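Below is one structure, written out as structure tokens; the observations come after it.
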Amino acid sequence: MALWGGRFQGQASALFQLFNDSLPVDYRLFVQDVEGSIAWADAIASVGVLDGNECSRLKAALTELLEEVGEDETAIIGSGAEDIHSFVETKLIEKVGDLGKKLHTGRSRNDQVATDLKLWCKASGSLLETKLTAVIQALLALASRELDAVMPGYTHLQRAQPVTFGHWCLAYVEMLERDLSRLADALKRLNTCPLGSGALAGTAYAIDRHALAAALGFGGPTLNSLDSVSDRDHVVELCAAASLSMMHLSRLAEDLIFFNTGEAAFVELADNVTSGSSLMPQKKNPDALELIRGKTGRVYGNLVGILTTMKALPLAYNKDMQEDKEGLFDTIDSWGICLDMAALVLEGVKVNRDNTKQAAQAGYANATELADYLVAKGMPFREAHHVVGEVVLHAIAQGVALEDLPIAELQRFAAVIGEDVYPHLSLDECLAKRNVLGGTAINQVTAALAAKKQQY
Ligand code: ARG
């Protein structure tokens, strides 16, 4: 039964109903709708719309409905109701008869849906905070296991300078920490309660909106009724926070996919997050990581979708806004499962230290060290850079590493080079010299890891 038949003489077409109904999407707001309704019953009882007994009966019926539906919210879809608000109200009327029809006094589905959705965002947001923290913890655990494994660091996907694997892990910890703070910030801003704003102009009943907001666990009430029912900034902000975080997860995935290639063979991924090929028996594919990278696209799409839906909407509520939920739900689901999956993948990563070390040694990753050595001997850096470039060219032609060139050959490029150059060219030395805050020297990474472990 629709909630609004009185003014109509004709029937809605079946096609329109299918088009207009949002229950297949917003059934997920069931718990929040009941919660909001219980708080609303108290609010209108406080201004005499319901007596104490009526209020108790309504709340008991709502609680009973909550228990009946239980965990299986999908069962709601078959009811044929227009949306979750109609579903709850219809069920309430089935339970308590005409009394159920009193609950909607002073309330509109506009302030109702805005409230339900914010409650849902708060609950989902704190779940995501837990999931983000779990990935950070998985990265810290991996950093502890592989702290001093040496591998090549890259720029332009060219071997640049050696770094430790622990340092690589902690780079992603920094990113996910920022994601966490962006999420917390979005949650802080959406923590205001729209209920009591009515359809657009404010409810005509003198309820205490501060008390109502507090009863629902919000920090306070929203302050402008027009804005309250038409604001979807929180949907945009959550989609934006998710997009940025998915970008980080996607880069993490991409790094690991590359590390896992036959060509690099820096890491091995565990069997529980990889799949085989139906044709090629030798293959072990990084599907989990590829799906993380792949799902990033739909999360970005949802962000652009909601921004575009909202961009030309006049105040206040418009039905366009019903389109806010599907993308948000998909975003939160995708982000959540990608975080879970990232944590699981990280748990099983094994570093092949021989390969990472060999790769760090090859590719002239110690060329900067030779330049710094020349600088220490008094040569201006720009000149040293040029000289080392020539040495590298020569070494490439010989097919050897810098440290394998005999001293006589090195001296042909710069007379100041002495036997003491060789220790400077070792991997250990390359790392040890990056002993600055934020650098990859093992003692720096150890200290950085210890500090993060205090936090998480
Ligand atoms: N299902 C609607 C939505 O999600 C609820 C609000 C309906 N309001 C209205 N004025 N028709 O937006």
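Testing Gly125 on (1) of a type in the set (Gly, Ala, Ser); (2) within 16 Å of the ligand (Cβ to nearest atom); (3) closer than 21 Å to Ala240 by Cα, one condition comes back false. Which one is that?
(2)
Among His104, His85, which is the only one that is assigned to a loop (DSSP other than H, G, I, E, B) and within 16 Å of the ligand (Cβ to nearest atom)?
On inspection, the qualifying residue turns out to be His104.
Could you figure out which of (1) in a helix (DSSP H, G or I); (2) without any contact (Cβ under 8 Å) to a residue 40 or more places away in the chain isn't true of Glu71?
Against the list (1) in a helix (DSSP H, G or I); (2) without any contact (Cβ under 8 Å) to a residue 40 or more places away in the chain, Glu71 comes up short only on (1).
Is there a residue being within 16 Å of the ligand (Cβ to nearest atom), touching a Lys or Arg at 6+ places or on another chain (Cβ under 7 Å) and not aromatic (Phe, Trp, Tyr) anywhere in the range 21-38?
Yes.
Does the range 312-330 contain any residue that is aromatic (Phe, Trp, Tyr) and outside any helix (DSSP H, G or I)?
At the first step, the residues of the range 312-330 found to be aromatic (Phe, Trp, Tyr) are 317, 329.
When the remaining residues are screened for being outside any helix (DSSP H, G or I), the result is 317.
Within the range 312-330 (the criterion being aromatic (Phe, Trp, Tyr) and outside any helix (DSSP H, G or I)), the answer is yes, since at least one residue qualifies.
Would you pick out the residues in the range 1-30 that are in contact (Cβ under 8 Å) with a residue 60 or more places away in the chain and not charged (D, E, K, R)?
If the condition is that a residue be in contact (Cβ under 8 Å) with a residue 60 or more places away in the chain and not charged (D, E, K, R), then Met1, Ala2, Leu3, Gln17, Asn20, Ser22, Leu23, Val25, Tyr27, Leu29 are the ones that fit.
Within the range 229-251, is there a residue that is surrounded by fewer than 18 Cβ atoms within 10 Å (Cβ to Cβ) and in contact with a strand residue (DSSP E or B) (Cβ under 9 Å, 6 or more places away or on another chain)?
Within the range 229-251 (the criterion being surrounded by fewer than 18 Cβ atoms within 10 Å (Cβ to Cβ) and in contact with a strand residue (DSSP E or B) (Cβ under 9 Å, 6 or more places away or on another chain)), the answer is no, since none of the residues qualifies.
Which of the numbered conditions does Val229 fail, given that it passes all the others? Conditions: (1) free of Cβ contacts under 8 Å to residues at least 60 places away in the same chain; (2) hydrophobic (A, V, I, L, M, F, W, C); (3) touching an Asp or Glu at 6+ places or on another chain (Cβ under 6 Å).
It fails just one condition, (1).
Taking Val49 as the residue in question, decide whether it is more than 26 Å from Asp21 (Cβ to Cβ) and of a type outside the set (Gly, Ala, Ser).
In short, yes.
Please enumerate the residues belonging to the range 355-364 that are assigned to a helix (DSSP H, G or I) and either within 16 Å of the ligand (Cβ to nearest atom) or out of contact with any helix residue (DSSP H, G or I) (no Cβ under 9 Å at 6 or more places or on another chain) (or both).
Asn355, Gln358, Ala359
Which one of Leu427, Leu437, Leu431, Leu393 is touching a Pro at 6+ places or on another chain (Cβ under 8 Å) and surrounded by fewer than 20 Cβ atoms within 10 Å (Cβ to Cβ)?
Answer to the check: Leu427.
Since Lys284 meets every condition but one in (1) within 16 Å of the ligand (Cβ to nearest atom); (2) of a type in the set (D, E, K, R); (3) touching a strand residue (DSSP E or B) at 6+ places or on another chain (Cβ under 9 Å), which condition does it not meet?
(1)
Across the range 302-317, which residue is nearest to the ligand (Cβ to nearest atom) among those that are exposed (fewer than 15 other Cβ atoms within 10 Å of the Cβ) and in contact (Cβ under 8 Å) with a residue 24 or more places away in the chain?
Leu313
Within the range 418-437, can you find the residues that are assigned to a helix (DSSP H, G or I) and either within 40 Å of the chain's Cα centre (by Cα) or in contact (Cβ under 8 Å) with a residue 24 or more places away in the chain (or both)?
If the condition is that a residue be assigned to a helix (DSSP H, G or I) and either within 40 Å of the chain's Cα centre (by Cα) or in contact (Cβ under 8 Å) with a residue 24 or more places away in the chain (or both), then Val421, His424, Leu427, Asp428, Glu429, Cys430, Leu431, Ala432 are the ones that fit.
Starting from the range 371-387, keep only residues that are free of Cβ contacts under 8 Å to residues at least 12 places away in the same chain and among the β-branched types (Val, Ile, Thr), then list their pairs with residues that are buried (at least 16 other Cβ atoms within 10 Å of the Cβ) and part of a helix (DSSP H, G or I) whose Cβ atoms are within a distance under 8 Å, requiring at least 6 positions of separation or different chains.
Val375/Ala384
With Asp72, Asp98, Asp116 as the choices, which residue is under 28 Å from the mean Cα position of the chain (by Cα) and away from the ligand (no atom under 16 Å from the Cβ)?
Asp72
Any idea how many residues of the range 158-202 are among the small types (Gly, Ala, Ser) and closer than 22 Å to Leu147 by Cα?
Counting residues in the range 158-202 that are among the small types (Gly, Ala, Ser) and closer than 22 Å to Leu147 by Cα gives 3.
If you go through the range 337-354 one residue at a time, do you hit one that is surrounded by fewer than 19 Cβ atoms within 10 Å (Cβ to Cβ), basic (Lys, Arg), assigned to a helix (DSSP H, G or I) and within 16 Å of the ligand (Cβ to nearest atom)?
No, the range 337-354 contains no residue that is surrounded by fewer than 19 Cβ atoms within 10 Å (Cβ to Cβ), basic (Lys, Arg), assigned to a helix (DSSP H, G or I) and within 16 Å of the ligand (Cβ to nearest atom).
Looking only at the range 172-215, which residues are of a type in the set (Phe, Trp, Tyr), surrounded by 20 or more Cβ atoms within 10 Å (Cβ to Cβ) and farther than 30 Å from Lys452 by Cβ? Break it down into steps so the answer makes sense when it comes.
Filtering the range 172-215 for residues of a type in the set (Phe, Trp, Tyr) gives 172, 205.
Checking which are surrounded by 20 or more Cβ atoms within 10 Å (Cβ to Cβ) leaves us with 172.
None - no residue of the range 172-215 is of a type in the set (Phe, Trp, Tyr), surrounded by 20 or more Cβ atoms within 10 Å (Cβ to Cβ) and farther than 30 Å from Lys452 by Cβ, so the list stays empty.
Read the figures in this text as sums done on the coordinates, not as results from a lab. What you see is a predicted model; the values in this text were computed from it and never measured. Please note: Cβ atoms are built from the backbone with ideal geometry, for glycine as well, and neighbour counts cover all protein chains shown.
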